[in-house]
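K.L.:
Before anything else, here's the structure in question.
Where a number appears in this text, it was derived from the coordinates with a stated rule and is not lab data. Note that the structure is a prediction, hence the values are computed from the model and not measured. Note that each Cβ is placed from the backbone with ideal geometry, even for glycine, and that neighbours are counted across all protein chains shown.
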Amino acid sequence: LSEMGVTVPDAVAPAANYVPFVRQGGTLYVSGQISMDAGALIQGRLGAGMSVEEGAAAAKVCAINLLSQVKAACDGDLDRLVRVVKLTGFVNSASEFTDQPKVINGASDFLVDALGEAGRHARSAVGVAALPLGVAVEIEGIFEIE
């Protein structure tokens, strides 16, 4: 990550009555991470003023935020991450927008670039009418950790 110029931020605390992650054996389930970079929300609706490229950049931010939760779950040691198992991406979409997979590619491509084969994962990309706080993207993840 450092070679890519990416700094994984501190994990953000949940904003409601849930936990940011749950570990069950070697499987880590991370709650949805919204497109928020350095405290600033990345808001917008794909197909209604926001481009696929802007959405993909927001998805990449979600992936970095997922890694921040993985890092917190691993007591600060990302080397304990074995692989990304599955991502579920939610894209704030206009009704006629159908390029949700291209948006979530921003997260998938980043994770493969950063982690190599360990970053390859199963995935869903879903369009939704709205997301919390008007953000463009939210992604949850399942990870294998040591």
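K.L.:
Ordered by residue, what ³J(HN,Hα) values in Hz, to whole numbers, does segment 53-61 give under the Karplus form 6.51 cos²θ - 1.76 cosθ + 1.60, where θ = phi - 60° and Gly and Pro are x?
P.N.:
Ordered by residue, 3J(HN,Hα) equals 5, 5, x, 5, 5, 5, 5, 4, 4 Hz.
K.L.:
Still on this model: Counting DSSP beta bridges in the chain, what percent are antiparallel, to the nearest 5?
P.N.:
Here the share of antiparallel DSSP bridges comes out near 70 percent.
K.L.:
Ok, one more. Just the Cα atoms of the chain: what Rg and Dmax do they give in Å?
P.N.:
Using the Cα atoms of the chain, the pair Rg, Dmax is 14.3, 43 Å.
K.L.:
Rounded to two decimals, what ratio of Rg to Rh does segment 85-146 give with C-alpha atoms and a Kirkwood Rh?
P.N.:
Using only Cα positions, Rg/Rh for segment 85-146 is 1.01.
K.L.:
Shifting gears a bit: Distance between the C-alpha centers of segment 1-48 and segment 64-97? Whole Å please.
P.N.:
That distance is 6 Å.
K.L.:
List the residues, sorted by chain then number, that are 5 or more residues from Arg83 or on another chain and whose placed amide H is less than 5 Å from its amide H.
P.N.:
Those lying under 5 Å, H to H, from Arg83 are Glu144.
K.L.:
Taking the Cβ of His121 as the center, what net charge do the other residues with Cβ under 9 Å away carry, scoring Lys and Arg +1 and Asp and Glu -1?
P.N.:
+4
K.L.:
Hey, another quick one. Just to confirm a number: summing +1 for Lys and Arg and -1 for Asp and Glu over residues other than Gly89 whose beta-carbon lies under 9 angstrom from that of Gly89, what do you get?
P.N.:
With Lys, Arg at +1 and Asp, Glu at -1, the net is -1.
K.L.:
Follow-up. Spelling out what I want: for every residue of segment 89-101, take phi, set θ = phi - 60°, compute 6.51 cos²θ - 1.76 cosθ + 1.60 (Karplus), and round to whole Hz; glycine and proline get x.
P.N.:
For segment 89-101, the Karplus-derived couplings read x, 10, 10, 5, 10, 5, 4, 8, 6, 10, 9, 4, x Hz, x marking Gly and Pro.
K.L.:
Rank Asp99, Asp77, Asp37 by mean-square fluctuation in a GNM of the chain with C-alpha springs under 10 angstrom and give only the top-ranked residue.
P.N.:
Fluctuation is largest for Asp77.
K.L.:
What chymotrypsin sites (Phe, Trp or Tyr not before Pro) in segment 10-78 are in a loop by DSSP, with at most 16 other Cβ atoms within 10 Å of the Cβ?
P.N.:
On the way: sites: Tyr18, Phe21, Tyr29; in loops: Tyr18.
When the chymotrypsin sites (Phe, Trp or Tyr not before Pro) of segment 10-78 are filtered for loop state and at most 16 Cβ neighbours within 10 Å, Tyr18 remain.
K.L.:
Just to be sure I understand: with springs between alpha-carbon atoms less than 10 Å apart, which residue in Gln24, Gln100, Gln33 has the highest mean-square fluctuation in the Gaussian network model of the chain?
P.N.:
Maximum fluctuation in the GNM of the chain, among the listed residues, is at Gln24.
K.L.:
In addition: So what's the net charge close to Leu1: Lys and Arg +1, Asp and Glu -1, counting the other residues with Cβ under 15 Å from its Cβ?
P.N.:
-3
K.L.:
What relative contact order, as a whole-number percentage, does the chain give when Cα pairs under 8 Å and 6 or more residues apart are counted? Walk me through the numbers before you get to the answer.
P.N.:
Working: 303 pairs, mean separation 51.5, N = 146.
Relative contact order, the chain: 35 percent.
K.L.:
To continue, here is another question. Starting from the amide H of Phe21, placed 1.01 Å from N in the peptide plane, find each other amide H under 5 Å away whose residue is 5 or more places distant or on another chain.
P.N.:
Ser31
K.L.:
Same structure again: In whole Hz, what ³J(HN,Hα) sequence does segment 37-48 give by Karplus (6.51, -1.76, 1.60; θ = phi - 60°), x for Gly and Pro?
P.N.:
Coupling constants for segment 37-48: 10, 6, x, 9, 6, 9, 9, x, 10, 5, x, 9 Hz.
K.L.:
Are there any GluC sites (Glu not before Pro) in segment 46-108 that are in a DSSP loop and have at most 13 other Cβ atoms within 10 Å? List them by number.
P.N.:
In loop regions of segment 46-108 (DSSP not H, G, I, E or B), the sparsely surrounded GluC sites (Glu not before Pro) are Glu96.
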